[in-house]
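Notes follow once the structure below has been shown.
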Amino acid sequence: MRLDPMIAVLNREMRIRATNVTFIFWDVLYPLAYLVVFGVAMTRAMSFTGAGLTTDYNSFFLAGVLGMAGFAIASNTAWSFFMDRDNGIFYEMLTYPMSRGEYLLGKVLFNVAVALVQAFITVLLAALLLGVNVTLSHLPLLIGAVAIGTAGWFFFYAIFALRIRRNDAFNTVTSVFYFVFLFASSMFYPLEPLPRLFQLFGYANPITWHVDVLRYATIGLGDPRTIALEAVAFILFGLVAFALALRALRNQE
């Protein structure tokens, strides 16, 4: 893989997003509303014990907000394939001297950059305003989890964005994914007290793997061996999604 084509795609994505303040607000600031409004309300309403550690809901939900942000950023970036098709630039870019993998990875670089900025703002405000005790020693793991998680979800969404021709159909698919993946996971609540069937679905959900790693990286909640297994599972999920997205992109000839 060559770096120059990927940097060129990254630069183009940055210029497009810079012309639309709504996209930037949605990607970077909107998830904070969940943490401030939903997190504060739930913290005052309840307390719970997860994996042997008692914590307030703000601390527990911080990882969920980071996972939600990566999910949303990936969805918005995948949606840009439709915009490129509409203005004709998509097929023109396929004629440029770069591989399909370089094209996808260039978009991922932009994804990761936005996700890291969003994560920095969210974690900083959570620590300063909400009193979340962030585990600073796990900062390298947090950076890796944000980057790999956002990339994995972009590849996943890209599969459908490249195969689906209608914008409304893609929006329907993403809405279903939001409902199924987010609420059937450990994003909003621990899975342990839930019915067994819901637990099984939640533990098989890649969102759970991603959020559990983020939760361990931010507040140290979770068993290190389980977190390691979930991290490996999500990496494999991301690699499979990349392979399928690459195949879908190669079929766009």
Checklist entry - Could you say which residue among Thr122, Thr77, Thr95 is part of a loop (DSSP other than H, G, I, E, B) and either in contact (Cβ under 8 Å) with a residue 12 or more places away in the chain or closer than 14 Å to Leu249 by Cα (or both)? => result Thr95
Item to check | Test: residue in segment 125-135 that is within 21 Å of the chain's Cα centre (by Cα), under 19 Å from Thr77 (Cβ atoms), part of a helix (DSSP H, G or I) and not polar (S, T, N, Q) | outcome: no
Checklist entry - Within segment 227-239, is there a residue that is in a helix (DSSP H, G or I), in contact with a helix residue (DSSP H, G or I) (Cβ under 6 Å, 6 or more places away or on another chain) and under 17 Å from Lys107 (Cα atoms)? => result yes
Next on the checklist: If a residue counts only when it is free of Cβ contacts under 8 Å to residues at least 60 places away in the same chain and over 19 Å from Met68 (Cα atoms), which helices (runs of 4 or more DSSP H) contained entirely in segment 139-214 have at least 3 such residues?
Outcome noted: 196-203
Checklist entry - Which ones in segment 215-226 are crowded, with 19+ Cβ neighbours inside 10 Å and in a helix (DSSP H, G or I)? => result Arg215, Tyr216, Ala217, Thr218, Ile219
Checklist entry - How many residues does segment 89-133 hold that are modelled with pLDDT of 85 or more and of a type in the set (Phe, Trp, Tyr)? => result 1
Checklist outcome for this item: With criteria (1) in contact with a Ser or Thr (Cβ under 8 Å, 6 or more places away or on another chain); (2) farther than 26 Å from Ile121 by Cα; (3) modelled with pLDDT of 80 or more, Met1 comes up short on (3)
Next on the checklist: Cβ-Cβ distance below 9 Å, separation of 6 or more or different chains: which pairs start in segment 220-243 with a residue that is within 17 Å of Thr150 (Cβ to Cβ) and in contact (Cβ under 8 Å) with a residue 24 or more places away in the chain and end on one that is among the β-branched types (Val, Ile, Thr) and not in a loop (DSSP other than H, G, I, E, B)?
Outcome noted: Ala231/Ile148; Ala231/Val213; Phe234/Ile148; Phe234/Val213; Ile235/Ile148; Gly238/Ile148; Ala241/Ile159; Phe242/Val108
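The values are calculated or read from the model by the stated rules, or taken from the named source; none is laboratory data. The shown structure was predicted, so the numbers you read here are calculated from the model rather than taken from an experiment. Using ideal geometry, Cβ is built from the backbone for each residue, glycine included, and neighbour counts are taken over all protein chains shown.
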